[in-house]
Every structure is written in structure tokens, then in C-alpha cells.
């Protein structure tokens with residue numbers, strides 16, 4: 001069985017930038033170590049990617065904090081992530097979940113048996129969104145999330161998102 005690692009939005013703005021938290025900063029080394037524990041061809045990553053008109057979008061109106069604007073420093077991976085992810089397949093996504101990632105992993109699952117591990121930011125927004133999207137596309141595929149390699153907007157929201165994922169048969173390890 002092929003084990004796939006999905007790294008969600010480990011970008012500067014979520015670590016120590018516009019929407020950063022101390023919990024997010026604390027997982028960077030663990031996530032980099034996790035990435036290096038997988039063959040790079042089995043590592044997929046997402047990048048939250050917004051445009052200059054972000055504040056006029058539905059998301060921007062509900063979360064009026066410019067972040068991950070394409071081409072800015074906040075949009076980029078920090079050096080440790082950039083190095084660890086060199087050679088990984090990276091998906092830019094304009095919203096919480098990546099449909100293209102889900103479609104590609106579903107196609108892969110039709111060719112060979114896979115299981116998926118998710119790590120990254122933020123547990124209660126993009127990690128849970130991608131986990132549920134992947135589960136919807138591949139209900140029989142084992143999907144896990146590693147809490148020590150995730151961080152939420154707050155510790156309480158992190159815990160709530162993990163519970164939501166458990167309820168939807170995503171394994172929390």
C-alpha cells in the first residue's frame with residue numbers, strides 16, 4: 001500500500017504572518033521532519049492562494065485580513081518547508097479545500113491502494129475541509145490526521161476540528 005502525505009497550507013501568513021499563531025510556529029519542525037520521512041513522490045502540498053482583490057471576495061468579507069496573496073512573502077513557504085517540500089506536488093487553491101488535489105488522489109486510488117495522512121494549518125479550516133473532501137471522494141480510503149503536526153486558529157478550535165474529523169471516520173493519530 002502506498003502512503004501519501006498531504007501537507008496543508010504551511011505558509012508564512014499562517015505561521016508567523018497575518019494569521020500566525022504560536023501553536024502554528026511550534027509545529028514547523030515536526031511537519032518538516034514528517035515530510036522528510038516520506039519519499040518525496042508521495043508528498044502533496046497545498047497553498048492557500050488569494051489575489052489582490054481578496055477583500056472583495058466572500059471569504060475576504062467574512063475574514064477581512066489579507067493573507068496568502070499570490071507572490072507575497074506571506075504566501076510563500078518558510079525556508080524549512082520550502083526545502084522539505086522540494087520535489088513535492090503543490091496545489092494552489094483559492095478556497096479552503098482543493099478539489100484538484102482530491103480528484104488527483106482519487107485517480108491514484110483507482111490505480112493502486114493508498115492511504116492518506118494529513119498535517120498542516122489550520123486544523124479547523126483548511127485541514128478539516130481537505131480531510132472531508134478527500135473522504136467524500138474516497139470513502140473507503142484510510143485517511144488519518146496527525147494532531148501534533150497540525151494547529152488550529154485556537155487550541156479549542158483545533159480540538160473541535162479533530163472531533164469533527166473523528167465523527168466522519170477520519171482517524172486521529
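The values are calculated or read from the model by the stated rules, or taken from the named source; none is laboratory data. From a predicted model like this one, the values you see are computed outputs, not experimental measurements. No Cβ is skipped: glycine too gets one built from the backbone with ideal geometry, and neighbour counts run over all protein chains shown.
Couple of notes before you dig in:
- Conditions (1) in contact with a strand residue (DSSP E or B) (Cβ under 7 Å, 6 or more places away or on another chain); (2) under 17 Å from residue 3 (Cβ atoms); (3) surrounded by fewer than 18 Cβ atoms within 10 Å (Cβ to Cβ): number failed by residue 94: (2)
- Meets criteria (under 21 Å from residue 142 (Cα atoms) and either surrounded by 14 or more Cβ atoms within 10 Å (Cβ to Cβ) or within 13 Å of the chain's Cα centre (by Cα) (or both)) for residue 104: yes
- Residue tally, condition without any contact (Cβ under 8 Å) to a residue 60 or more places away in the chain, assigned to a strand (DSSP E or B) and buried (at least 16 other Cβ atoms within 10 Å of the Cβ), over the stretch 133-156: 4
- Residues of the stretch 41-73 that turn out to be touching a strand residue (DSSP E or B) at 6+ places or on another chain (Cβ under 9 Å) and in a helix (DSSP H, G or I), as a count: 5
- Every pair of residues 6+ apart whose Cβ atoms lie under 6 Å, when the first sits in the stretch 54-70 and is at positive phi and surrounded by 11 or more Cβ atoms within 10 Å (Cβ to Cβ) while the second is modelled with pLDDT of 95 or more and part of a strand (DSSP E or B): 68/48; 68/50
- Only a single item in (1) under 13 Å from residue 9 (Cα atoms); (2) touching a strand residue (DSSP E or B) at 6+ places or on another chain (Cβ under 7 Å); (3) touching a residue at least 60 places away in the same chain (Cβ under 8 Å) is not met by residue 105, and it is number (1).
- Of the residues making up the stretch 1-34, those that are part of a helix (DSSP H, G or I) and closer than 18 Å to residue 156 by Cα number 8.
- Across the stretch 78-101, the number of residues qualifying as in contact (Cβ under 8 Å) with a residue 12 or more places away in the chain, on the phi < 0 side of the Ramachandran plot and over 12 Å from the mean Cα position of the chain (by Cα) comes to 11.
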